[in-house]
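Asks: Have a look at this one.
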Amino acid sequence: MDNISRSEKTRNAVLQAALSIIARDGPGRLTLDAIARESGISKGGLMHQFRTKEAVLKALLERQIAHFENFSGKYMAEHGSTQPQPHLAAQIATMREALPGPDSVAFALLGAMGQEPGLLSITREIDAKKLKTIKAEAADPDLATLRWVAARGLVVTAVLGICPIPEDERERLFDRLMDDRQWSGLGEKKPNPAP
């Protein structure tokens, strides 16, 4: 195995270990020593790749963002032409995909929030651009924003473990958020009733 392959393998093992620690033990337990133990990589080998815990969190966040950008792009390519609001649909589908799982972006965000809140500026900028695009394609930008925020709320409450909605109901709600037919006509102004 060449040095580049070995380096990439080490990097991936470190990031996977960091995700596992955050998911299992919480972001407060994420340390370079814990990552070294979890990954089976020496602390020196770990520090060759990442000098600080913040560097691990940043790389983890960037990897997760890239994963979900790829998912969103594939969704747009496959379903975008059939959707009246393709960017909104892609973002809701991506958030659904981000629900807590072993490789969830939610755990990376939770870790970043808890340990290095400044890293979240990366996601804020990306989200601001996406929301601008969603609003631009919508007949009713406020309704599109509400649907986007509702999907985010389902994910965030699930990640924090405070979602009172069972998984099957959450899936049904995501189906409804995705279905533009459920929302058509809601943004239209209704005539004032006659006095």
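Asks: Filter segment 137-183 for residues that are β-branched (Val, Ile, Thr) and within 20 Å of Ala90 (Cβ to Cβ) and give the result.
Replies: Thr145, Val149, Val155, Val156
Asks: Now for a different question. Taking the stated definitions as given, is Ile35 assigned to a helix (DSSP H, G or I), surrounded by 12 or more Cβ atoms within 10 Å (Cβ to Cβ) and over 21 Å from the mean Cα position of the chain (by Cα)?
Replies: For Ile35, the condition - assigned to a helix (DSSP H, G or I), surrounded by 12 or more Cβ atoms within 10 Å (Cβ to Cβ) and over 21 Å from the mean Cα position of the chain (by Cα) - is met.
Asks: Also: Taking segment 148-178, which residues are aromatic (Phe, Trp, Tyr) and under 13 Å from the mean Cα position of the chain (by Cα)?
Replies: Trp148
Asks: Something else now. For a quick check of your reading of the model, give me the residue pairs whose first member lies in segment 51-70 and is of a type in the set (Gly, Ala, Ser), whose second is assigned to a helix (DSSP H, G or I), with beta-carbon atoms closer than 7 Å and at least 6 apart or on different chains.
Replies: Here the result reads Ala59/Leu15, each pair linking segment 51-70 to a residue that is assigned to a helix (DSSP H, G or I).
Asks: Here's something else I'd like to know. Is segment 83-90 home to any residue that is part of a helix (DSSP H, G or I), surrounded by fewer than 13 Cβ atoms within 10 Å (Cβ to Cβ) and at pLDDT 90 or above?
Replies: no
Asks: Continuing with this model, one more query. Can we say Ala18 is crowded, with 17+ Cβ neighbours inside 10 Å, touching a residue at least 24 places away in the same chain (Cβ under 8 Å), touching a Gly at 6+ places or on another chain (Cβ under 9 Å) and farther than 19 Å from Glu116 by Cα?
Replies: No: the conditions fail for Ala18.
Asks: Within segment 119-161, how many residues turn out to be part of a helix (DSSP H, G or I), touching a residue at least 12 places away in the same chain (Cβ under 8 Å) and of a type outside the set (A, V, I, L, M, F, W, C)?
Replies: Final tally of qualifying residues: 8.
The values are calculated or read from the model by the stated rules, or taken from the named source; none is laboratory data. In this text, all values refer to a predicted model and were calculated from it rather than measured experimentally. So basically every Cβ, Gly included, is an ideal-geometry build from the backbone, and we count neighbours across all protein chains shown.
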